[in-house]
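First up is the structure itself, then whatever we jot down about it.
The values are calculated or read from the model by the stated rules, or taken from the named source; none is laboratory data. The structure presented is a predicted model; accordingly, all values stated were derived computationally and were not measured. Ideal geometry is used to build each Cβ from the backbone, glycine not excepted, and the neighbour counts take in all protein chains shown.
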Amino acid sequence: MTKQRGNILFLILLAVVLFAALAYAVTSSMRGGGKDAGSEKASAMASEMMNYFTQIDTAVQRMMLTGGIKDYELNFYYKSGDNIVSGIYDNVNCTENRCRVFDPEGGGVNGRVFTSFIRDSGTGGGRARMVLTTVPGAGTSQPDLIMTFYGMRKDVCTEINRQMGLNDYVYGAIGLSNGSGMYMNTPYPAGPFASSTNSVSVAPNVGIAGTFCVCGGSTPATCDTADPFYPAISHVIIAR
């Protein structure tokens, strides 16, 4: 009997300890849950965009290496204007479906519109713009082909930079006007990429390449207030 009473007492004490530990864990989670949940959501959204860029990179490389598609023949226009990327002009250098990145006969990428990723007063509707601009560290002084999403959430933007090892914001506008430097928002010229005077200012960052977030303002405080198009998340598709 004494042994049984001892076992019962031990089980009761064990249950009390486990209940206290559970209560502490739940309380701690409720206290820090808001910040952690927000950070985790931004991280998940950033990873989702990075995965999308990887799909596009894989398709483009396959199209160019095994399909013989030239960089200036790549076509991001699909079915109708603003269907996937922002722009109403088709690429005149592409005359077959096999050079269309989002066509099943071409790159076969399932195009995305990141509507839920834009900030409250952002502009761009979550559709990418294809831009020709020089990105330091990506290639030569010739314009690089990049995919840019404008007016994105600041937390997603900074998480992109964190994942890419950039410890500060990248400052400088990526050409928005319908002039030189744009790839899909003006009639695309026949032949190879033309030169572009557009460039990305990278102070204090040097040698950016791949994927990065750009602020329109000159300080972190003005990153999402200086211009409704910013922050902007960009990905280098073709480095020239």
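Values for this structure:
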| item | result |
| --- | --- |
| Of residues in region 174-201 being buried (at least 20 other Cβ atoms within 10 Å of the Cβ) and either of a type in the set (A, V, I, L, M, F, W, C) or within 18 Å of M50 (Cβ to Cβ) (or both), the one modelled with the lowest pLDDT | L176 |
| Region 139-163: number of residues that are over 12 Å from C213 (Cα atoms), touching a residue at least 40 places away in the same chain (Cβ under 8 Å) and surrounded by fewer than 22 Cβ atoms within 10 Å (Cβ to Cβ) | 3 |
| Residue ID - farthest from C99 (Cα to Cα), chosen from residues in region 109-149 that are assigned to a loop (DSSP other than H, G, I, E, B) and in contact with a helix residue (DSSP H, G or I) (Cβ under 8 Å, 6 or more places away or on another chain) | R119 |
| So G111, is it surrounded by 14 or more Cβ atoms within 10 Å (Cβ to Cβ), among the small types (G, A, S) and either out of contact with any Gly (no Cβ under 7 Å at 6 or more places or on another chain) or modelled with pLDDT of 60 or more (or both) | yes |
| Pairs, first touching a residue at least 12 places away in the same chain (Cβ under 8 Å) and farther than 17 Å from R112 by Cα in region 70-96, second among the polar types (S, T, N, Q) and surrounded by fewer than 20 Cβ atoms within 10 Å (Cβ to Cβ), C-beta under 6 Å, six or more apart | Y72/N93; E73/N93 |
